[in-house]
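The values are calculated or read from the model by the stated rules, or taken from the named source; none is laboratory data. Everything numeric here is computed off the predicted structure, so don't read it as measured data. Methodologically, a virtual Cβ is constructed for each residue, glycine included, from the backbone with ideal geometry; neighbour enumeration extends over all protein chains shown.
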Amino acid sequence: MTLIAAMACGWFGYSYRSASGDDSLTYAADRDEVLAAAGQAIVNLNTLDHRSVDAGLKVWQDSSTAQLYDEIVQGRSRLKSDIEKAKTTSTAKVLESALTELDTRAGKAAVIAAVSITITRDGGRPATNLRRFAGQLTRTSAGWKLSALGQAPSGTP
């Protein structure tokens with residue numbers, strides 16, 4: 001019995017050591033990290049409250065990089081004015097998402113996502129719609145951020 005227990009310990013120790021150096025496990029962990037960052041960034045960029053536009057736009061900037069960041073900064077005053085005039089609040093929830101590309105060495109990834117967005121006008125009833133997004137992510141010193149985000153093509157020809 002002791003011999004069987006010792007053999008089992010040896011086997012599990014060997015299996016654990018072998019798995020700890022497995023590149024596929026590292027890649028899977030990276031994929032999960034990037035997908036989580038993408039989902040949070042997509043939620044952030046589709047959530048905004050007219051009562052705290054500056055804070056919301058700061059979150060947008062913190063979730064983006066490259067061209068997307070530049071677009072947010074350049075359109076910030078117009079967007080702030082539009083949201084405050086319309087008195088709308090939007091909240092988002094990612095329903096499904098997947099990475100379509102991941103290159104950890106280059107620090108690049110691509111994501112697609114189905115997102116439920118609820119928009120409420122001040123004092124009005126909420127309206128919910130479903131949107132599909134395609135985005136690009138870039139690894140920065142602060143983590144993975146969206147560098148591009150747009151509507152994903154849909155429909156049949």
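Among the candidates Ser52, Ser18, the residue that is over 19 Å from Trp144 (Cα atoms), assigned to a helix (DSSP H, G or I) and modelled with pLDDT under 95 is uniquely Ser18. Within the stretch 62-88, residues that are without any contact (Cβ under 8 Å) to a residue 60 or more places away in the chain and of a type in the set (Lys, Arg) sit with their Cβ atoms under 8 Å from residues that are exposed (fewer than 14 other Cβ atoms within 10 Å of the Cβ) and assigned to a helix (DSSP H, G or I), at 6+ positions apart or across chains, in these pairs: Lys80/Asp54.
When the stretch 33-49 is filtered for residues that are assigned to a helix (DSSP H, G or I) and under 12 Å from Ser90 (Cα atoms), the ones remaining, listed by number, are Val43, Asn44.
If we scan the stretch 70-92, do we find a residue that is touching a Phe, Trp or Tyr at 6+ places or on another chain (Cβ under 7 Å) and within 29 Å of Ala28 (Cβ to Cβ)? There is no residue in the stretch 70-92 that is touching a Phe, Trp or Tyr at 6+ places or on another chain (Cβ under 7 Å) and within 29 Å of Ala28 (Cβ to Cβ). Select from the stretch 100-153 the residues that are hydroxyl-bearing (Ser, Thr, Tyr) and under 22 Å from Leu68 (Cα atoms) and list them in ascending order. If the condition is that a residue be hydroxyl-bearing (Ser, Thr, Tyr) and under 22 Å from Leu68 (Cα atoms), then Thr100, Thr104, Ser116, Thr138, Thr140, Ser141, Ser147 are the ones that fit. Of the strands (runs of 3 or more DSSP E) lying entirely inside the stretch 79-152, not one is found with 1 or more residues being touching a Leu at 6+ places or on another chain (Cβ under 6 Å) and surrounded by fewer than 14 Cβ atoms within 10 Å (Cβ to Cβ).
Kindly indicate whether Lys108 is at pLDDT 95 or above, touching a Ser or Thr at 6+ places or on another chain (Cβ under 7 Å) and at negative phi.
Values: at pLDDT 95 or above: yes; touching a Ser or Thr at 6+ places or on another chain (Cβ under 7 Å): yes; at negative phi: yes.
In short, yes.
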